[in-house]
Amino acid sequence: MNTPRNVRNFWIQGEVDGKKEAIGTGPRRKDGGFDLDILIREKGNISNKKLNIIGHVVNDKLLLDVLLNGEVLTSIETER
C-alpha cells in the first residue's frame with residue numbers, strides 16, 4: 001500500500017483477503033478522529049468479544065486507545 005499524501009491526525013490502512021483494493025483512509029478535519037471495531041465469530045454467532053481502536057484529539061494532543069471488551073489495553077499520546 002502506498003504512503004498517504006495527506007495525513008491529518010491518523011491514517012488507517014489495511015488489507016482484507018478477497019478484496020481487490022486495500023483500505024486507506026483518515027479523518028478530513030484537523031480535529032477529526034475515528035472509531036474502529038473489530039468483531040469475531042464464535043460458535044457460529046457474532047461474539048460479544050470486541051477489539052475497539054479509537055483515535056481522538058484532546059487539548060491539542062492526539063490519543064490512540066486500544067480496548068478489548070471495553071477495557072483499555074493500551075493508550076498512546078502524542079503532541080499534535
Considering region 43-80, residues that are touching an Asp or Glu at 6+ places or on another chain (Cβ under 7 Å) and polar (S, T, N, Q), and then whichever is farthest from Asn9 (Cα to Cα), we arrive at Asn52
Among Ile40, Ile23, the single one that is of a type in the set (Val, Ile, Thr), surrounded by 10 or more Cβ atoms within 10 Å (Cβ to Cβ) and under 23 Å from Arg8 (Cα atoms) is Ile23
In region 5-12, is there at least one residue being out of contact with any strand residue (DSSP E or B) (no Cβ under 9 Å at 6 or more places or on another chain) and at pLDDT 90 or above? no
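The values are calculated or read from the model by the stated rules, or taken from the named source; none is laboratory data. Source: prediction; values computed, not measured. Reconstructed Cβ throughout: ideal geometry from the backbone, glycine too, with neighbour counts over all protein chains shown.
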